[in-house]
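First up is the structure itself, then whatever we jot down about it.
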Amino acid sequence: MKITIEPAGPGDPKSLPANLGFGKYFANLMFSQRYSAGEGWHDARIGPYGPLSLDPATVVLHYAQEIFEGLKAYRRPDGKINLFRPWENALRFNRSAERMAMATLDPEDHVQAIVELVSLVQKWVPTQESASLYIRPTMIGTDVGLGVHASQSYLHYIIAGPAGPYFSTGFNPVAVYVCSDQVRAVRGGTGEAKTGGNYAASLFVAEKVKARGYQQVLWLDATERRYVEEVGAMNIAFVYDGTHVATTALSGSILAGITRNSVLKLAPDLGYTVSEERLDIQKVLADIRAGRITEAFGLGTAAVIAPLGTLGTENETYTINDEPGPVARRLYRTLTDIQYGRIPDPYGWTYTINSKN
Ligand SMILES: *Cc1c(COP(=O)(O)O)cnc(C)c1O
């Protein structure tokens with residue numbers, strides 16, 4: 001794919017505050033390309049980061065034909081930059097596109113666009129501990145008109161910005177509300193796709209329980225309201241007796257996370273056993289009470305491993321632990337060591353971009 005390179009817009013990473021937060025600042029270049037039926041993908045360019053101009057009747061604004069991805073670029077000790085499993089993101093982007101009846105793209109082109117963008121904005125890849133450049137590929141339906149149909153034209157763009165640790169409280173266990181009323185996604189629906197509507201659907205409960213001190217929502221399956229699905233926008237795992245990591249089996253309404261998949265491969269090499277199961281919430285709560293579940297955490301690119309401190313139902317609070325457990329710490333440390341290139345990567349997960357800094 002030939003990408004036209006244009007001059008960057010205004011902005012300088014040196015002017016950013018030390019506390020970067022998450023998703024607040026963006027590098028001054030972005031990738032974009034357009035798709036039209038008959039013509040395919042065209043006009044690939046990396047140009048200044050800036051506003052999009054969309055007709056108010058654009059399909060995405062009404063019928064939510066939108067998908068996204070999330071991955072990070074990590075500053076290595078030698079100054080080079082690592083991407084983590086970028087092809088997995090590109091393949092998942094296509095799976096999301098298929099589910100939302102959108103155009104797919106050559107995964108090689110997608111990875112090339114990310115690599116070229118990151119190379120050009122490399123001074124925006126932070127050097128602070130636990131910080132990274134968060135990369136957000138996005139695709140939207142751009143047909144104009146209110147008839148409900150799959151768009152015949154699309155805009156694919158990739159933005160990137162320096163980010164600090166995901167949770168402002170740091171690597172501390174969070175309070176989780178177990179939601180048995182609303183659901184996030186239903187089997188046969190769009191839960192397996194990374195599409196904006198899923199997140200919009202989750203906001204109502206998240207906002208409602210925030211006032212009660214909850215930082216995350218644990219979602220149950222839509223049919224029986226019985227099996228654990230995800231926590232917020234993360235996959236979930238429970239540690240049994242400090243030695244066994246049990247995560248939810250992919251049910252058709254769970255997003256197949258790359259962090260989850262990586263932990264399933266990594267944990268056995270660290271001496272833990274792993275399983276993918278249907279996890280009944282009543283059994284989980286009983287196992288917390290009985291002390292069999294010693295840790296729980298969320299899994300996702302943004303937070304990597306997010307320790308869960310308590311699970312709260314309408315009537316009761318179940319305390320797992322009040323500080324990150326040893327398994328969460330060890331998985332977090334090993335996975336981030338691989339991502340940042342601090343230890344060798346025996347899995348072939350990292351793709352290194354030579355820095356010109
Ligand atoms: C992105 C996402 C995840 C985590 O996926 P990763 O590939 O590990 O970042 C889990 N659940 C949902 C709903 C997500 O959107």
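The values are calculated or read from the model by the stated rules, or taken from the named source; none is laboratory data. These numbers come from a predicted model, not from an experiment. FYI the Cβ positions are ideal-geometry reconstructions off the backbone, even for glycines, and counts take in every protein chain you see.
Tabulated data for the structure shown
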{"item": "Checking V228 against (1) within 16 Å of the ligand (Cβ to nearest atom); (2) modelled with pLDDT of 95 or more; (3) assigned to a loop (DSSP other than H, G, I, E, B), the condition it does not meet", "result": "(3)"}
{"item": "Single residue of A27, A18, A37 found to be out of contact with any Cys (no Cβ under 7 Å at 6 or more places or on another chain), exposed (fewer than 14 other Cβ atoms within 10 Å of the Cβ), assigned by TED's automatic domain parsing to the domain that holds A103 and within 30 Å of G170 (Cβ to Cβ)", "result": "A18"}
{"item": "Whichever residue in region 255-274 is small (G, A, S) and in a helix (DSSP H, G or I) and, among such residues, is farthest from the chain's Cα centre (by Cα)", "result": "A267"}
{"item": "Selection count where residues are of a type in the set (S, T, N, Q) and free of Cβ contacts under 8 Å to residues at least 40 places away in the same chain, scope region 256-296", "result": "2"}
{"item": "Selection from region 300-357 of residues that are assigned by TED's automatic domain parsing to the domain that holds V178, within 21 Å of the chain's Cα centre (by Cα), in a strand (DSSP E or B) and not small (G, A, S)", "result": "V304, I305, P307, L308"}
{"item": "Strands (runs of 3 or more DSSP E) wholly inside region 26-127 that include at least 2 residues being at positive phi and more than 16 Å from the ligand (Cβ to nearest atom)", "result": "40-48"}
{"item": "Members of region 183-200 found to be over 13 Å from the mean Cα position of the chain (by Cα) and either away from the ligand (no atom under 12 Å from the Cβ) or under 15 Å from T248 (Cβ atoms) (or both), listed by number", "result": "V183, R184, A185, V186, R187, G188, G189, G191, A200"}
{"item": "In region 231-244, the residues that are within 15 Å of the ligand (Cβ to nearest atom) and either touching a Pro at 6+ places or on another chain (Cβ under 9 Å) or outside any strand (DSSP E or B) (or both)", "result": "G232, A233"}
{"item": "Lone unmet requirement of (1) within 12 Å of the ligand (Cβ to nearest atom); (2) not in a loop (DSSP other than H, G, I, E, B) for A206", "result": "(1)"}
{"item": "Of all residues making up region 245-276, the number that are within 14 Å of the ligand (Cβ to nearest atom), surrounded by 15 or more Cβ atoms within 10 Å (Cβ to Cβ) and under 22 Å from T336 (Cα atoms)", "result": "11"}
{"item": "Any hit, region 328-342, residues being closer than 28 Å to S180 by Cα and away from the ligand (no atom under 16 Å from the Cβ)", "result": "no"}
{"item": "Matching residues, region 310-357, being hydroxyl-bearing (S, T, Y), surrounded by fewer than 15 Cβ atoms within 10 Å (Cβ to Cβ) and in contact with a strand residue (DSSP E or B) (Cβ under 9 Å, 6 or more places away or on another chain)", "result": "T313, T317, T319, T352"}
